[in-house]
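Engineer: Take a look at this one; I'll ask things after.
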Amino acid sequence: MTAFSLNPQQIAWRTELRALAAERLRPLAEKGEPGRVNRPLVAALGELGLLDRLFGAGDGPAGGGALGLCLLRESLAHGCTEAETALALQGLGAHPVAEYGSAAQRDRWLTPAREGRAVAAFALSEPGAGSDAAALALRASPDGASSWRLTGEKCWISNAPEADFYTVFARTTQDAGARGVTAFLVPADRAGLSGTPLDMLSPHPIGALAFDGVRVTADDLLGEPDRGFRVAMTTLNRFRPSVGAFAVGMADAALDAALAHTAGRDAFGGKLSDLQAVSHQIAEMATRTEAARLMVYAAAAAYDRGEPDVARRAAMAKLLATETAQFVVDAAVQLHGACALRRGHLLEHLYREVRAPRIYEGASEVQRGIIAKDLYAGGGAGAATSE
């Protein structure tokens with residue numbers, strides 16, 4: 001297999017996942033409340049074995065690597081964005097536990113997270129630290145030989161304040177930039193931890209957290225003290241290519257809707273698709289979507305092969321795919337006209353969903369910075385090409 005093609009088994013699995021999302025997961029999503037954690041949906045993802053694939057389990061047609069994750073996220077996003085988001089948020093919150101947690105932490109929290117019985121969250125961003133994650137201000141002040149007190153705030157945290165546990169990044173050494181950050185596993189019921197939901201454009205749960213002297217000990221560490229930034233970046237690099245897959249899934253859903261609408265809508269004595277301006281727009285949407293898909297697959301395959309330029313490939317994939325999805329969804333809304341603006345329409349839903357991925361897990365501007373820095377460091381424009 002190359003980075004630019006899928007084998008028949010992978011294609012069949014993608015088709016199966018799309019049907020599963022539409023038939024099994026979409027009804028659960030529709031029963032949920034926007035802006036709240038949908039626990040029945042998370043439980044279904046666990047029961048179906050889909051959460052296991054976030055952590056390398058499973059021997060299905062796509063395996064458990066980055067490419068398999070991309071196929072999973074793309075396929076779920078096509079049929080049910082809420083299911084895709086619930087799956088991805090579990091991955092972000094629990095991956096540090098899988099990668100850096102102790103045996104006791106994995107047994108207590110990772111097992112129920114994989115089964116959909118416990119909701120995880122990744123608590124990195126703060127009111128004054130978004131794209132510049134090294135500027136974290138949440139303080140972890142020493143409280144004895146091997147314990148700390150967390151004081152400060154987190155903001156824009158997905159699944160907050162309803163998660164059962166949080167991967168929290170706090171500053172243990174002042175004025176040390178990225179080198180002074182430590183990762184902790186903090187249960188939601190820890191004394192001094194509180195949270196409030198935020199009313200956001202996108203319909204998935206996002207909130208703020210307040211830490212009022214929350215006590216954590218060496219048993220709560222994820223990795224080593226002052227090495228938490230590595231935990232954060234390892235997690236983000238793992239999931240960044242698949243953010244592009246989420247975007248491709250949304251773009252594909254919008255494209256399918258636009259194809260069906262323009263082929264069936266009567267206009268000016270024929271079908272809307274008979275108009276050259278319309279058919280050319282459809283062609284542009286399809287071409288951009290396919291280009292984004294191929295770049296996402298290439299980045300994921302490079303990650304699975306352990307190639308050295310994964311950070312740049314992942315940045316390129318996220319940048320192109322999320323910007324493309326914004327274009328495709330917007331174009332589909334335009335082709336549908338007023339009906340796409342009605343609350344509850346698929347495209348109205350996608351229009352609200354598609355904006356956030358251009359910001360979270362590194363805004364488009366951050367991705368351009370990563371790409372340019374690598375190029376100027378000697379990577380060369382041709383170094384990112386595949387086989």
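Engineer: Given points 7 Å out from each Cα along the Cα-Cβ axis, report the residue 368 to residue 176 separation in nanometres with one decimal.
Structural biologist: Rounded to a tenth, the inter-label distance reads 3.4 nm.
Engineer: Return 233, 285 ranked ascending by Cβ neighbour count within 10 Å, so the fewest neighbours appear first.
Structural biologist: Values: 233 15, 285 24.
Ranking 233, 285 by Cβ neighbours within 10 Å, fewest first, gives 233, 285.
Engineer: With a Cα-only, solvent-free Debye model of region 219-283, what are the log10 I(q)/I(0) values at q = 0.16, 0.19 Å⁻¹?
Structural biologist: Debye intensities relative to I(0), on a log10 scale: -0.67, -0.79.
Engineer: Considering only 112, 10, 78, whose Cα is most displaced toward the positive end of the charge dipole of region 8-114, charges sitting on Cβ of Lys, Arg (+1) and Asp, Glu (-1)?
Structural biologist: 112
Engineer: Region 69-127 to region 212-266: how many Å between their Cα centroids?
Structural biologist: What the calculation gives is 10 Å, centre to centre.
Engineer: Using DSSP, restrict attention to beta bridges with both residues in the chain and report what percent are antiparallel, rounded to the nearest 5. Working shown, then result.
Structural biologist: Details: 31 of 36 bridges.
Looking only at bridges with both residues in the chain, the antiparallel portion is about 85 percent.
Engineer: Stretched out fully, how many nm does the piece from residue 117 to residue 19 gain, at 0.36 nm a residue minus the Cα gap? Write out the running numbers ahead of the final one.
Structural biologist: Details: separation 98, 0.36 × 98 = 35.28 nm, distance 2.40 nm.
So the chain would gain 32.9 nm between residue 117 and residue 19.
Engineer: Which of these, 122, 246, 268, has the largest mean-square fluctuation under a Gaussian network model of the chain (Cα springs below 10 Å)?
Structural biologist: Looking only at 122, 246, 268, the biggest GNM fluctuation is shown by 268.
Engineer: Sort 302-309, 198-205, 139-146 by the packing proxy (mean of other Cβ within 10 Å over each peptide's residues), most packed first.
Structural biologist: Values: 302-309: 15.2, 198-205: 17.0, 139-146: 13.6.
Averaged packing, sorted descending, gives the order 198-205, 302-309, 139-146.
Engineer: Right, something else. So what's the net charge close to residue 304: Lys and Arg +1, Asp and Glu -1, counting the other residues with Cβ under 13 Å from its Cβ?
Structural biologist: Details: positive: 238, 305, 313; negative: 307.
Taking every other residue near residue 304 into account, the sum is +2.
Engineer: Need one number for region 230-379: average projected area of the convex hull over its C-alpha atoms, nm².
Structural biologist: Numbers: hull surface 39.8 nm².
Result: a mean projected hull area of 9.9 nm².
Engineer: Separate question: State the Kirkwood hydrodynamic radius of region 8-114 in Å, one decimal place, computed from all pairs of distinct Cα atoms. Provide the component values of the computation, followed by the final result.
Structural biologist: On the way: mean 1/r = 0.0712 Å⁻¹.
It works out to 14.0 Å.
Engineer: Is there a quick way to get the dipole size of the chain? I mean about its Cα centre, with the Cβ of Lys and Arg at +1 and of Asp and Glu at -1; what is the value in debye to the nearest 20? Please report the intermediate quantities before stating the final value.
Structural biologist: Numbers: 39 positive and 44 negative charges, 28 e Å.
It comes to approximately 140 debye.
Engineer: Considering only region 80-172, what is the antiparallel percent among its DSSP beta bridges, to the nearest 5?
Structural biologist: For region 80-172, the DSSP antiparallel bridge percentage is about 50.
Engineer: Multiplying the sequence separation of residue 375 and residue 145 by 0.36 nm and subtracting their Cα-Cα distance, what value in nm do you get?
Structural biologist: Values: separation 230, 0.36 × 230 = 82.80 nm, distance 4.46 nm.
Taking residue 375 through residue 145 to full extension adds about 78.3 nm, to one decimal.
Engineer: With an 8 Å cut-off on Cα pairs and a minimum separation of 6 or more residues, tell me the relative contact order of region 161-304 in percent. It would help to have the intermediate numbers written out before the result.
Structural biologist: On the way: 166 pairs, mean separation 27.7, N = 144.
RCO, region 161-304: 19 percent.
Engineer: Can you tell me the equivalent ellipsoid semi-axes for the chain? Use √(5λ) from the Cα gyration tensor, largest first, whole Å. Mind dumping the intermediate values first?
Structural biologist: Numbers: eigenvalues 263, 106, 79 Å².
For the chain, the ellipsoid semi-axes come out as 36, 23, 20 Å.
Engineer: Right, here's the next one. Apply 1/(1 + (r/R0)^6) to the Cβ-Cβ distance of residue 153 and residue 287, taking R0 = 35 Å, and write down the FRET efficiency to the nearest 0.05. Let's see the in-between values first.
Structural biologist: Values: r = 44 Å, r/R0 = 1.25.
Computed FRET efficiency for residue 153 and residue 287: 0.20.
Engineer: A follow-up question, please. Calculate one ³J(HN,Hα) per residue across region 152-161 by plugging θ = phi - 60° into the Karplus curve 6.51 cos²θ - 1.76 cosθ + 1.60, and present them in order as whole Hz with x for glycine and proline.
Structural biologist: These are the phi-based 3J(HN,Hα) values: x, 9, 10, 9, 6, 9, 5, 6, 7, x Hz.
Engineer: Once both labels are modelled 7 Å past Cα along the beta-carbon direction, what's the residue 348-residue 265 spacing in nm?
Structural biologist: Here the modelled spin labels are 1.6 nm apart.
Engineer: While we're on this one: Which of 191, 279, 103 sits farthest toward the positive end of the charge dipole of the chain, with +1 on the Cβ of Lys and Arg and -1 on the Cβ of Asp and Glu?
Structural biologist: Result: 191, furthest along the dipole toward the positive end.
Engineer: Rounded, prolate or oblate for region 34-173? Axes are the square roots of the Cα gyration tensor eigenvalues, ordered a ≥ b ≥ c, and the cut-off for rounded is a/c under 1.5.
Structural biologist: The shape class here is prolate.
Engineer: Also, quick follow-up: Can you give me the distance in nm between label points at residue 230 and residue 198, each placed 7 Å from the Cα along the Cα-to-Cβ direction?
Structural biologist: 3.0 nm
Engineer: Would you kindly state how much longer the chain becomes between residue 277 and residue 341 on full extension, computed as 0.36 nm times their sequence separation minus their alpha carbon distance, in nm to one decimal?
Structural biologist: Working: separation 64, 0.36 × 64 = 23.04 nm, distance 2.14 nm.
Residue separation times 0.36 nm, minus the Cα-Cα distance, leaves 20.9 nm.
Engineer: For region 338-354, what does the Karplus curve 6.51 cos²θ - 1.76 cosθ + 1.60, with θ = phi - 60°, yield as ³J(HN,Hα) per residue in whole Hz, taken in order and with x for Gly and Pro?
Structural biologist: 4, 4, 6, 8, 6, 4, x, 5, 3, 6, 4, 5, 5, 5, 6, 6, 6
Engineer: Here is a follow-up. How large is ³J(HN,Hα), in whole Hz, for each residue of region 253-259 in order, when computed from phi with the Karplus curve 6.51 cos²θ - 1.76 cosθ + 1.60 and θ = phi - 60°, using x for Gly and Pro?
Structural biologist: Going residue by residue, I get 5, 5, 4, 4, 5, 5, 4 Hz, with x marking Gly and Pro.
Engineer: Could you tell me the distance between the Cα centroids of region 344-378 and region 283-336, to the nearest Å?
Structural biologist: 10 Å
Bear in mind that the values in this text are calculations on the coordinates, not laboratory data. These figures come from a predicted structure and were not determined experimentally. Here Cβ is always computed from backbone atoms with ideal geometry, including for glycine, and neighbour counts include all displayed protein chains.
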